[in-house]
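Encoded as structure tokens, the structure appears first; notes follow it.
Please treat every number below as a calculation from the coordinates, not as lab data. In this text the structure is predicted, and so the values were computed from the model without any measurement. Using ideal geometry, Cβ is built from the backbone for each residue, glycine included, and neighbour counts are taken over all protein chains shown.
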Amino acid sequence: MQTNWKIGSLFGIPLFVDPLWFVIFGLATLNFGFAYQQWGTSLAWGAAVVMSLLLFTSVLLHELGHSLAAKSQGIQVNSITLFLFGGIAAIEEESKTPGKAFQVAIAGPLVSIGLFLLLRLISSVFSDTSLVHVILGDLGRINLILALFNLIPGLPLDGGQVLKAALWKVTGDRFQAVRGAAKAGQILGYAAIGLGLAVDYFTSDLGTGIWIALLGWFGIRNATSYDRVTVLQETILKTKASEAMTRDFRVVDASHSLRAFADLYLLDSNSQIYFAESDGRYRGMVSVDNLRQIERSEWEAQTLEAIVNPLSEIPTVEENATLVEVINKLENEKLLRVTVLSPAGAVAGLIDRGDIIQALAKKLKLRITDADIKQVKQNGTYPPGLQLGVIAKSTTN
Ligand SMILES: [Zn+2]
């Protein structure tokens, strides 16, 4: 669901704007426009538009702070998006150490505090009553608020990332650290909803109360999603290929003629995978595509040896490979399945995306039906709510 508008790119990072952001842009312009009326109508509205653009730039620079810190660690930043509640930088993977994670987390607020100080300095050059002085002062304060608000210690806020880095440093366990920081985010989110309702109840300022409650709701949703992704990351990192594979294949004698195999294969209704074996050794996976390339008149004379893809040439993983490795291999090489080999080099099993979902469903007690898994197997894609390709990519060993 890509409804965001691309507006350009900076340092090779594509910039997007959520259409709803223009609502904020409009409200901000109205707010500043009315506030600056003492300088005359046209000047006030002109200044209001400039102010809103500078506000937009401030949020962008904050996100750029996080992004460039990540990039300096060799981490890819996929996009920066401005939306209703601010900005978000889509950083592809976690930093390697708690110290580096802290740098990425703090870089945004540091940019905002830097802007606050810089704007204060510049505004002091202009007379106190000038519009420029007021605009720069307002913008500086907004940057300071942006920094302080973001430092509230709960995910998804930067303060939550800082808390995560600290917990990671103390416990040595990144997953536990994310869960702790996500829990803090959830608690703060509920507190914000409570505060928002209280503001609505005790004051006549309905808008502010609703806004605080909305922020809380947004925080809870995101903190919960962090928690969920972390549980998935931890599980795919700790689950071995041997725990997810199926033995859903058949072994046939490599000395069979192609004709004999074709008869057997055609009788099999559910597109079975075959491995050919002779003298107790696996010769390879039987390729129906290769069979089609051979003249039918040759099918009696030639054996399966002619159409096998040796195990050394097909995509394989070892039994003790993690699901992170398996998922990444399936994605990177655009495979439907991968063959699992035993330590002795024999075929131990097969894994496709459906098998992975099934293994996770069992371990995490997810509510996924057999029909869902069948669909994953047929489509060769993960269900929308369980984008394991993306999750595995961001899981560092
Ligand atoms: Zn930030």
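Please get the size of the charge dipole for the range 1-151, origin at its Cα centre, with Cβ charges of +1 on Lys and Arg and -1 on Asp and Glu, quoted in debye to the nearest 20.
So the magnitude is around 160 debye.
At 0.36 nm per residue, and after removing the present C-alpha to C-alpha distance, how many nm does the segment from Arg141 to Leu197 gain when stretched out fully?
Length difference between fully extended and current span is 17.6 nm.
Give the separation of the Cα centroids, the range 179-228 to the range 150-177, in Å.
The range 179-228 and the range 150-177 have Cα centres separated by 19 Å.
Can you compute the FRET efficiency between Ile187 and Ser255 using 1/(1 + (r/R0)^6), with r the Cβ-Cβ distance and R0 = 56 Å? Round to the nearest 0.05.
0.25
For the chain, give me the percentage of DSSP beta bridges that are antiparallel, rounded to the nearest 5 percent.
70 percent
In debye, nearest 20, what is the charge dipole magnitude of the range 170-238 about its Cα centre with +1 on Lys and Arg Cβ and -1 on Asp and Glu Cβ, if you could check?
Charge dipole, the range 170-238, about its Cα centre: 320 debye, nearest 20.
Averaging over every viewing direction, what projected area does the convex hull of the Cα atoms of the range 36-152 cover, in nm²?
With every direction weighted equally, the projected area is 8.1 nm².
Can you pull out the trypsin sites (Lys or Arg not before Pro) in the range 1-99 whose DSSP state is coil and whose Cβ has at most 13 other Cβ atoms within 10 Å?
For trypsin sites (Lys or Arg not before Pro) across the range 1-99 that sit outside H, G, I, E and B with at most 13 neighbouring Cβ atoms in 10 Å, the list reads Lys96.
So for the chain, averaging the separation of alpha carbon pairs under 8 Å that are six or more residues apart and normalising by length, what relative contact order in percent results?
The normalised contact order for the chain reaches 10 percent.
Under the rule of -39500 (n - 2.57) per DSSP H run of 4 or more residues, summed and divided by the residues of the chain, what mean residue ellipticity at 222 nm is obtained, to the nearest 500 deg cm²/dmol?
The per-residue figure over the chain is -19000 deg cm²/dmol.
For every other residue with a beta carbon closer than 10 angstrom to the beta carbon of Ala254, add +1 if it is Lys or Arg and -1 if Asp or Glu, then tell me the sum.
Computed value for this residue: -2.
Just the Cα atoms of the chain, one point each, no solvent: what log10 I(q)/I(0) does Debye give at q = 0.06, 0.07, 0.14 Å⁻¹?
Summing over Cα pairs of the chain leads to -0.38, -0.49, -1.23.
Starting from the range 15-105, pick out the GluC sites (Glu not before Pro) whose DSSP state is loop and whose Cβ has at most 14 other Cβ atoms within 10 Å.
Passing both the DSSP loop test and the Cβ count: Glu92, Glu93.
Can you find, among Ile391, Ile351, Asn379, the residue sitting farthest towards the positive end of the charge dipole of the range 330-397, where Lys and Arg contribute +1 and Asp and Glu -1 at Cβ?
Ile391
Which entries of Lys96/Lys374; Lys6/Lys169; Lys100/Lys183; Lys164/Lys377 show an alpha-carbon separation above 30 angstrom in the structure shown?
Beyond 30 Å: Lys96/Lys374; Lys6/Lys169; Lys164/Lys377.
In the range 170-238, if the dipole is taken from +1 on Lys/Arg beta carbons and -1 on Asp/Glu beta carbons about the Cα centre, which of Ala223, Leu188, Trp211 is farthest to the positive end?
Of the options given, the answer is Ala223.
Subtracting the Cα-Cα distance from 0.36 nm times the residue separation, let me have the gained length for Phe22 to Glu333 in nm, one decimal.
Between Phe22 and Glu333, full extension yields an extra 108.0 nm.
Where nothing but the Cβ of Lys and Arg (+1) and of Asp and Glu (-1) is charged, how large is the charge dipole of the chain around its Cα centre, in debye to the nearest 20?
Rounded to the nearest 20 debye, it is 900 debye.
Shape verdict for the range 1-89, please, from the Cα gyration tensor: rounded (a/c under 1.5), prolate (a/b greater than b/c) or oblate.
Because a/c hits 1.5 or more and a/b exceeds b/c, the range 1-89 counts as prolate.
Expressed in nm to one decimal, what extension gain is obtained for the pair Ala306 and Val170 from 0.36 nm per residue of sequence separation less their Cα-Cα distance?
That pair, Ala306 and Val170, stretches by 43.1 nm at full extension.
Report, for the range 241-393, the % of DSSP beta bridges that are antiparallel, rounded to 5.
Around 60 percent antiparallel, to the nearest 5.
In whole angstrom, how far apart do the alpha carbon centroids of the range 326-373 and the range 91-108 sit?
The range 326-373 and the range 91-108 have Cα centres separated by 31 Å.
Between Phe126 and Gln73, how high is the FRET efficiency from 1/(1 + (r/R0)^6) when r is the Cβ-Cβ distance and R₀ = 56 Å? Nearest 0.05.
The value I calculate is 0.90.
Quote the FRET efficiency, to the nearest 0.05, computed for Phe11 versus Glu93 with a Förster distance R0 of 22 Å and r equal to the Cβ-Cβ distance.
It comes to 0.80.
In terms of modelled amide H atoms, which long-range or inter-chain residues lie less than 5 Å from the amide H of Glu318?
Amide H to amide H, under 5 Å and 5 or more residues apart or across chains, Glu318 pairs with Leu341.
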